[in-house]
Every structure is written in structure tokens, then in C-alpha cells.
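Below is one structure; the comments refer to it alone.
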Amino acid sequence: MVLTMERKAMEIFENHESQVRSYSRSFPTVFEKAKGYKMWDTTGKEYIDFFAGAGALNYGHNNEKVKKKIIEYIQEDGIAHSLDMGTVVRAKFLERFTEVILQPRNLNYKVMFPGPTGTNTVESALKIARKVTGRQTIISFTNAFHGMTLGSLSITGNSTVRQGAGVPLTNTVAMPYDTFMQDHHSIEYLERFLEDAGSGVDLPAAIILETVQGEGGINAASFEWLQAIEKLCHRYDMLLIIDDVQAGCGRTGTFFSFEPAGITPDIVCLSKSISGYGLPMAITLIKPDYDIWEPGEHNGTFRGNNMAILAATEVLSYWETDVFAKSVQEKSKMIKARMEKIVENYPELQATTRGRGFMQGIACGKGKETYGSEICAKAFEKGLIIETSGPDSEVVKFLGSLTIDEEGLNKGFDILEKAIQEVLNK
């Protein structure tokens, strides 16, 4: 009976849902329940989740603390939808976010609610940078991913998703990311374009980057490179935008991914795990001097998702001390060690490890790219949800919840290693 239900659901997806769906192809089952770092499908099969909603579930599925708050709020007829009207929930979040996150880091930002998704915050960042500077060009980087709307697509590197725009993507220039060139001279390359009047590159409004490129292959920029980018921005009067949609909210071991580099972006984009419960929410952090919006100049119907804002306020408790961050950093070492051991044990992959924190990957070597997709598919059969990354899906990407325990990490990596063995044996 259960199997019949699952088959029926899969037929419904095939018959009625657009061909654009993707994750249901990578994970061909019908999920029914989730808790912590585990998920169950309609057959009762258990899966360890090394995907965490593409980084939207940093605190796990159905986090008890947050779930309780949401249920109480609904039962008390709390405001669900409010656009940008004042609500008690919105005021509490702004106050707590300032006290717990911004002030201890000596950061001074105005908080903007641009709309509920990552691409909304990126779009708002591009618009305000152009408004502030009066310039149009934005510099982004190779293998970047910033979203699916037209502005965000224009600064995204992946050729497949760019083609989906159907129109020219203009007013942007792509430069080599820190790890893109073998000689690692990308700063000198970028600087030459900026200083040479014959380069054909107009003085940009801003530079936008991910400190760790999530979809682009788990490429992690060095702190020295990030510092050099900030200096270039100051020298040429460009704004620095950090897209922390996936790498932020603790995923790299600190709340903001740029903290260890000691830089202070002009604009920061946050979404995914900012709500802490998988509810749609995004915020854009803007230095006060650049907050020159006219009222309503950028808006959206669902920028007042109060249940998401309530959840976002509750998960700030994880950041009141450094205990949680330190636990993430310790477990990150374990993740790195397991990945390095896999690379050592299976030289046939010609693989290397990449990334930092809870955003790491195993990159299969040149000519071995197809192993990435095969390994993830085999891991799914064995009860592990893990995805690929990179332009050729060559990176097996770990993106588990920050609350996963060591037992869960070890079980997941044991499954991954068995999957690798079977793929290589085949």
C-alpha cells in the first residue's frame, strides 16, 4: 500500500509538475518526515541528510526550540503577513540581531527586508550600489552563483543557468576568482583592468563575491585575497558586497563567513538559514551612509513573513556566546579529516578537498568528473542525501546541518565511503 502511494505521488510529479524540477530527480523518492539530521520517505526508509535544504537548515529539521515558538505564535493569532508594517516580531528581531550579532562584531548596518529569497537580497544589493555610486557595472567572479532573477543571473558564472535568461545579461564583468588561475595572480589581473584606461572595463559600482563559492565548486577564497579585494574597493571607490546567502549564518564556523578575514563589507546579503527553520526570509545589511533608498523604492509583498522573522529571532540564542561556534569549528575539523582520508584511500578519484567549516567538498580530478554524480546517486540508494557542486558536478559537497552530532557525521561518511567503493569497483 505504501509503495503504491509513493508510485502514485511520483506519477503526479511527472504528469503535473514542470520539467524544471531538479532535486526530485537527484533524490527520487517521496519524503514524509524529517527531524534533526534525518529524513524519512513514505516507505519508512531513513536517510542521513548532508544537504540541509541547500544550506537553509543550519539548525536541523524541525528544530524543537523554534517549532515551539511558531506553534505558540500561531495559536495566539500572531500576525503572519505584514509587508513592512511594524509588528512586535519585527521590532524584537531587529533589536536582538543588533545586540547578538552586529554589536559584538563592531558592525554597524541598517537592516533591509528585501523579499523572501536569496536572489531578492542580491537584487537589492546591486540596485543600492548603483544608486549610491551612479555607476552601472558590477564585477563578479568566475564560477559565482548569486541567484536566478535577471540581475543575479548577470553576475552568475554557470553557463546553463545564464542561458535560461533568454535575454542579454549586461552591465557586469566576470573576473578570475582567487583559486581560478593556476598562478593565483587574479588580484593583479583585476587591478590591471581597473587602472588601465584601455581595458574596456568602466569603473564599477561594486564588486560582489562569495567567500566560499557554494554552487560553483566549494572554492574557498584565502583571507589574504579577500583583504586585497577590500583594499581595491577602497582605492577605486567601489562598494564591496559579500553574498553570504549560503556561506553565512555560521556555515563556515563564524556567523559571517568574512569574519576571519577581518574585512568589513559595505553590503551583506543573507538568506537561507537566517530564518533558522527553512521559512523564506532574506535581509540585506547596508552601511548607514549608503542607505539612501526612497520609501518603497524596493519592495515586495512577502518581505514581512513574521513566522520566519520569529524563527530568526529564536535561533539567535545559538550565538549569544561562542560555545556553538566553537562546536561547529571542532566538527569542521572532523569533516575535513574524513574527507582527506577518503582522498588518500581512493587515489583512483584523483581528488582533492576544498572549502571550510560545514561547507566542504571532495573534488574529483580531471577526467573523473562523472564520478561526482555517480557517487551521490549511489549514496542516496544507501540512505545518504548529498549533492554535487561545480560546473561539471565534479564536487561531492557536504552541506549538513550545524547541529548534527559526531555519530551522524560518522554514519554519513561511512555511507559515502561505501558508495565510492561501489562506484570505483563498477
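The values are calculated or read from the model by the stated rules, or taken from the named source; none is laboratory data. Predicted, not measured: the structure shown is a model, and the values here were computed from it. Cβ coordinates were reconstructed from backbone atoms using ideal geometry, including for glycine residues, and neighbour counts include every protein chain displayed. Calculation scope for accessible area: heavy atoms of the full protein, side chains included, ligands and nucleic acids excluded. Shrake-Rupley method; radii C 1.70, N 1.55, O 1.52, S 1.80 Å.
I'd like the full set of residues that are within 13 Å of Thr284 (Cα to Cα) and either surrounded by fewer than 24 Cβ atoms within 10 Å (Cβ to Cβ) or in contact with a His (Cβ under 7 Å, 6 or more places away or on another chain) (or both), limited to segment 103-122. Result: Asn108, Tyr109, Lys110, Val111, Met112, Pro114, Pro116, Thr117, Thr119, Val122. Look at Phe302 and say whether it is among the aromatic types (Phe, Trp, Tyr), within 20 Å of the chain's Cα centre (by Cα) and either part of a loop (DSSP other than H, G, I, E, B) or farther than 23 Å from Thr403 by Cβ (or both). It is false that Phe302 is among the aromatic types (Phe, Trp, Tyr), within 20 Å of the chain's Cα centre (by Cα) and either part of a loop (DSSP other than H, G, I, E, B) or farther than 23 Å from Thr403 by Cβ (or both). Set side by side, the residues Phe145, Phe141, Phe93 differ, and just one is buried (at least 22 other Cβ atoms within 10 Å of the Cβ), over 28 Å from Trp319 (Cα atoms) and of a type outside the set (S, T, N, Q), which is Phe141. Across segment 278-308, the qualifying residues are those that are under 22 Å from Ile242 (Cβ atoms) and of a type in the set (Val, Ile, Thr), and the one among them that is surrounded by the fewest Cβ atoms within 10 Å (Cβ to Cβ) is Ile292. Residues considered: Pro265, Pro204, Pro288, Pro280. Of these, the only one that is out of contact with any Cys (no Cβ under 8 Å at 6 or more places or on another chain), closer than 30 Å to Lys68 by Cα and of a type outside the set (A, V, I, L, M, F, W, C) is Pro280. I'd like to check something: does segment 260-277 contain any residue that is assigned to a helix (DSSP H, G or I), surrounded by 24 or more Cβ atoms within 10 Å (Cβ to Cβ) and of a type in the set (D, E, K, R)? Yes, the conditions are met somewhere in segment 260-277.
In this structure, Pro168 qualifies as without any contact (Cβ under 8 Å) to a residue 12 or more places away in the chain, out of contact with any Lys or Arg (no Cβ under 7 Å at 6 or more places or on another chain) and not hydrophobic (A, V, I, L, M, F, W, C). Each residue in segment 149-162 was checked for being modelled with pLDDT of 90 or more and among the polar types (S, T, N, Q), and 4 pass.
The single condition from (1) assigned to a loop (DSSP other than H, G, I, E, B); (2) of a type outside the set (Ser, Thr, Tyr); (3) in contact with a strand residue (DSSP E or B) (Cβ under 7 Å, 6 or more places away or on another chain) that Lys397 fails is (1).
Of all residues in segment 183-203, those that are hydrophobic (A, V, I, L, M, F, W, C) have Cβ atoms under 6 Å from Cβ atoms of residues that are surrounded by 11 or more Cβ atoms within 10 Å (Cβ to Cβ) and not in a loop (DSSP other than H, G, I, E, B), 6 or more apart or on another chain, in Ile187/Ala228; Leu190/Met175; Val201/Val173; Val201/Phe193. Would you confirm, using the coordinates I've provided, whether Val201 is at pLDDT below 95, in contact with a strand residue (DSSP E or B) (Cβ under 7 Å, 6 or more places away or on another chain) and either open to solvent by 40 Å² or more (accessible area, probe 1.4 Å) or not in a helix (DSSP H, G or I) (or both)? The answer is yes for Val201. The set of residues in segment 245-259 being surrounded by 22 or more Cβ atoms within 10 Å (Cβ to Cβ) and touching a helix residue (DSSP H, G or I) at 6+ places or on another chain (Cβ under 7 Å) consists of Val245, Gln246, Cys249, Gly250, Arg251, Gly253, Phe255, Phe258. I'd like to know if segment 49-69 contains one or more residues that are in a strand (DSSP E or B) and closer than 30 Å to Thr4 by Cβ. Yes, there is a match, as at least one residue in segment 49-69 is in a strand (DSSP E or B) and closer than 30 Å to Thr4 by Cβ.
Residue-by-condition table, conditions (1) more than 29 Å from Glu394 (Cβ to Cβ); (2) modelled with pLDDT under 95; (3) of a type in the set (A, V, I, L, M); (4) part of a helix (DSSP H, G or I):
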{"position": "Ala308", "(1), (2), (3), (4)": "yes, no, yes, yes"}
{"position": "Val315", "(1), (2), (3), (4)": "yes, no, yes, yes"}
{"position": "Thr321", "(1), (2), (3), (4)": "yes, no, no, no"}
{"position": "Ser327", "(1), (2), (3), (4)": "yes, no, no, yes"}
{"position": "Met334", "(1), (2), (3), (4)": "no, no, yes, yes"}
{"position": "Arg338", "(1), (2), (3), (4)": "no, no, no, yes"}
{"position": "Arg354", "(1), (2), (3), (4)": "no, no, no, no"}
{"position": "Gly361", "(1), (2), (3), (4)": "no, no, no, no"}
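If only residues of segment 152-168 that are under 20 Å from Leu190 (Cβ atoms) and of a type outside the set (Val, Ile, Thr) are counted, the one that is most open to solvent (accessible area, probe 1.4 Å) is Gly157.
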